[in-house]
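The values are calculated or read from the model by the stated rules, or taken from the named source; none is laboratory data. The model shown is predicted, which means the values in this text are computed figures rather than measured ones. Every residue, glycine as well, gets a Cβ built from its backbone with ideal geometry; the counts of neighbours run over all protein chains shown.
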Amino acid sequence: MSVPSFLDRVAAAPISWGICEAPGWGLQLPVDRVLAEARDLGITAFEQGALGWLPTDPEAQRAKLAEYGMQLLGGFVPLVLHDPAVRDEQLADADRIARNMAACGGRYFVAAPVPALDDWHRPDLSEAEWTELLDNLDRVADLVAGHGLEQVVHPHVDTDLETAADFQRFIDGCSSKFTFDTGHLTIGGADVVEIARTCRDRIGLVHLKDVDGDAMARERSGELDLMQATQAGLFPSLGDGIVPIAEVIDVLESSGYDGWYVMETDVALTDGDPPLGEGPVRGVERSLAFLRSLDIATVGA
């Protein structure tokens, strides 16, 4: 049996090693350790991770990624876009980040509309705030396109786009493409297989993330916050949770999706450095083995 072509478009994200933009998330493992572990698994493309984790100087970042045989896909960028009082400041930040990301060789500007940069708790937006948010997402899309990047808006727990209803409002009120995160959309109550079938033309990038049903219920009830739920195993290795990962990929590949898939097995490291060769890399390895086991019906394969 031939290897499914989607495997040539599978990348990794630093969040799988605990590298995260969320305030107070936990230990940030060294760049060289993470990139070496990813390289040894055969991964050739990576996201930036928390701003400043990789070198911010474009030449230095390109050199560091090239040292491990990696290409840069892009990066996750939290922005406050529902508040007109900070509009100019946030658009200027988006412009600055996009310029740097493009110089580093990136392709995707993964915008996450957050309530505040230092406090992620989903707000109840007013009609005026929704209008501001959706208009600003289109502004950011135009702005980053000027730097040769594509904005892919990221629905995410604890942000302005958390629930299935939030996501639908985004689809109906904004023209930007989005990051199809199978985990966060599942937690928000969306049907990810239906999204794969009906929103194909709006998908710019796919984040493959599985979800543990018990940990999700505890997070949704308020018993655990996002980091606590993550530490409790909210995002297991692909194939170990409730998300129909194989079906989603099959639907996308059958429809002609030819973009990237980014594996994400989010972890938060709060107990010190795991021993070399152990820790988060084992979860990534398990996810990759699951993807390699799939028999995906790709178009033109």
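Here are the numbers for this structure:
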| read-out | value |
| --- | --- |
| Identity of the residue in the range 291-301, over 19 Å from the mean Cα position of the chain (by Cα) and assigned to a helix (DSSP H, G or I), that ends up nearest to Gly26 (Cα to Cα) | Arg292 |
| Hits in the range 141-156 - residues which are among the hydrophobic types (A, V, I, L, M, F, W, C) and surrounded by 24 or more Cβ atoms within 10 Å (Cβ to Cβ) | Val144, Val152, Val153 |
| Any hit, the range 286-299, residues being of a type outside the set (Gly, Ala, Ser), surrounded by fewer than 20 Cβ atoms within 10 Å (Cβ to Cβ), over 25 Å from Asp40 (Cα atoms) and free of Cβ contacts under 8 Å to residues at least 60 places away in the same chain | yes |
| Failed item, numbered, when Ala94 is tested on (1) at pLDDT 95 or above; (2) small (Gly, Ala, Ser); (3) in a strand (DSSP E or B) | (3) |
| Among (1) free of Cβ contacts under 8 Å to residues at least 12 places away in the same chain; (2) under 22 Å from Phe178 (Cβ atoms); (3) not hydrophobic (A, V, I, L, M, F, W, C) - the single one Asp93 does not satisfy | (1) |
| Filter result for Glu247 (assigned to a helix (DSSP H, G or I), at pLDDT 95 or above, under 19 Å from the mean Cα position of the chain (by Cα) and surrounded by fewer than 20 Cβ atoms within 10 Å (Cβ to Cβ)) | no |
| Count - residues of the range 257-278 that are at pLDDT 85 or above, of a type in the set (Ser, Thr, Tyr) and part of a loop (DSSP other than H, G, I, E, B) | 2 |
| 3 or more residues under 14 Å from the mean Cα position of the chain (by Cα): qualifying helices (runs of 4 or more DSSP H) within the range 176-220 | 182-187 |
| Positions within the range 54-71 being in contact with a Phe, Trp or Tyr (Cβ under 9 Å, 6 or more places away or on another chain) and either surrounded by fewer than 21 Cβ atoms within 10 Å (Cβ to Cβ) or part of a loop (DSSP other than H, G, I, E, B) (or both), in sequence order | Leu54, Tyr68, Met70, Gln71 |
| Hey, Pro123 assigned to a loop (DSSP other than H, G, I, E, B) and modelled with pLDDT under 95 or not | yes |
